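One structure is given here, and the rest of the page talks about it.
Nothing in this text is a laboratory measurement; each read-out follows from the coordinates by a stated rule. Computed from a prediction, not measured in an experiment: that's the story for all the values here. Positions of Cβ are generated from backbone atoms using ideal geometry, with glycine treated the same way; all protein chains shown enter the neighbour counts.
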Amino acid sequence: MIDLCFDICFVLPQRPPHPYYKPAADKLKVQCGGPLCAAVRRDVPGIPECSRKDPHRCHYEIKYVTGKSEGDLATDIISVIGKDKKNIAFGCGYNQEEPADAPPSSVDGILGLGRGKAGFAAQLKGLKMITENVIGHCLSSKGKGVLYVGDFNPPSRGVTWVPMRESLFYYSPGLAELFIDKQPIRGNPTFEAVFDSGTTYTFVPAQIYNELVSKVRGTLSESSLVEVKGRALPLCWKGKRPFRSVNDVKNQFKALSLKITHASGTSNLDIPPQNYLVVEEDGKTCLAIRDASSDPVMKELNFILIGAVTMQDLFVIYNNESKQLGWVRAQCDKAQELESVIDSRL
């Protein structure tokens, strides 16, 4: 899993879908008083201070939207084409807390690409394996995509560029106001927007969510769609026949947009129906925007958290050198021919 809000890369040795990762004992001896562990404690709030009884252990605890991971920092060799092999630090999780009804994990760990010094890209730059801390991803609604890390030339035509909001932990373009069918949500509430590819759905504060649901229902008042509850999402609709994809139903919904206010002015992030709807296995279409107050972690943050569904078919660029965020519509299922030190087909 790729996560732009996490700084630590970590593996899940106890519950992965593939064979366990078992590091040698010496790989787990990351000095708690050393710079790497200090960076983790600085980047991730709430991590306990060093224990005098175990100075060779760098312990971490990370809470995220759907659970918690606990483990120790480890090091292992990473290789990048054309570069000498180097040791990189990452988390080795030994205790994962997930909802009781959660299915077995389909991932082996999380690739943390956050803004902190312990992040994957930041470590690569510190090791001189890349010269620029720039990240780009393009997630396709067709199930494919591409990820770039370091030293690549992002798309130049049509990109909306905004300055990053000064935040140690998150990629935020600024304060955002939600519109539906070009009309603002009642009261014009604004909240900090945060990009987070590691969260599937978009989360909004209750004040926005309740008004959004009311307006969506209003636009469907003369529709033949029937409102039902979904398996994973609370608000869904079924038609006369099961939907095969969002394309079957998107024309019955109105477009959303975020008006983002930043240091250079205002910019818009357009959210067409295919970026806030999903289709469940039984053919229902569901609102892929959730009430943040329903989640114990999210309700404390008071963010508009832009998840992976909303970022589909967008090329999103995180330039940590120029402190800018950029996005542009793209066909993410087609390989983007960009030179990069690290690129991966998703």
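Quick look at the numbers
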{"item": "Cα gyration tensor of the chain - equivalent ellipsoid semi-axes, whole Å, descending", "result": "36, 23, 20"}
{"item": "The chain: most fluctuating residue of 25, 89, 288 per GNM, C-alpha cutoff 10 Å", "result": "25"}
{"item": "DSSP-defined antiparallel bridges as percent of all bridges, the range 137-345, nearest 5", "result": "85 percent"}
{"item": "Chain lengthening between residue 97 and residue 128 when straightened (0.36 nm per residue, less Cα-Cα)", "result": "7.6 nm"}
{"item": "Gaussian network model of the chain, springs between alpha carbon atoms under 10 Å - residue of 38, 193, 292 with greatest fluctuation", "result": "38"}
{"item": "Assigned charges on the beta-carbon of Lys, Arg, Asp, Glu; the chain dipole about Cα centre (debye)", "result": "240 debye"}
{"item": "Distance (nanometres) between label positions extended 7 Å along Cα→Cβ at residue 323 and residue 38", "result": "2.3 nm"}
{"item": "Å³ per residue enclosed by the Cα convex hull of the range 147-257", "result": "175 Å³"}
{"item": "Residue 221/residue 248 FRET efficiency (R0 25 Å; Cβ-Cβ; nearest 0.05)", "result": "0.80"}
{"item": "Per-residue [θ]222 nm for the chain (sum of -39500 (n - 2.57) over DSSP H runs n ≥ 4, rounded to 500)", "result": "-2500 deg cm²/dmol"}
{"item": "The range 68-81 - phi-based ³J(HN,Hα) in whole Hz, Karplus 6.51/-1.76/1.60, Gly and Pro as x", "result": "8, 10, 10, x, 10, 6, 10, 10, 7, 7, 10, 10, 10, 3"}
{"item": "Per residue convex hull volume, Cα atoms of the range 193-306, in Å³", "result": "115 Å³"}
{"item": "Residue 290 long-range amide H proximity, modeled H, under 5 Å", "result": "202, 203, 204"}
{"item": "Length released on extending from residue 54 to residue 241, taking residue separation times 0.36 nm less the Cα-Cα span", "result": "61.2 nm"}
{"item": "Among 135, 199, 242 the positive-end extreme of the charge dipole of the chain (Cβ point charges)", "result": "242"}
{"item": "Dipole axis of the chain (+1 Lys, Arg; -1 Asp, Glu on Cβ), positive-most option in 327, 261, 51", "result": "327"}
{"item": "Distant-in-sequence amide H partners of residue 271 (H built 1.01 Å from N, under 5 Å)", "result": "256, 257, 258"}
{"item": "Whole-Hz couplings from phi, Karplus 6.51/-1.76/1.60, listed for the range 225-239; x for Gly and Pro", "result": "5, 10, 6, 9, 9, x, 6, 10, 10, x, 10, 9, 9, 10, x"}
{"item": "Residues 50, 332 arranged by fewest to most Cβ contacts within 10 Å", "result": "50, 332"}
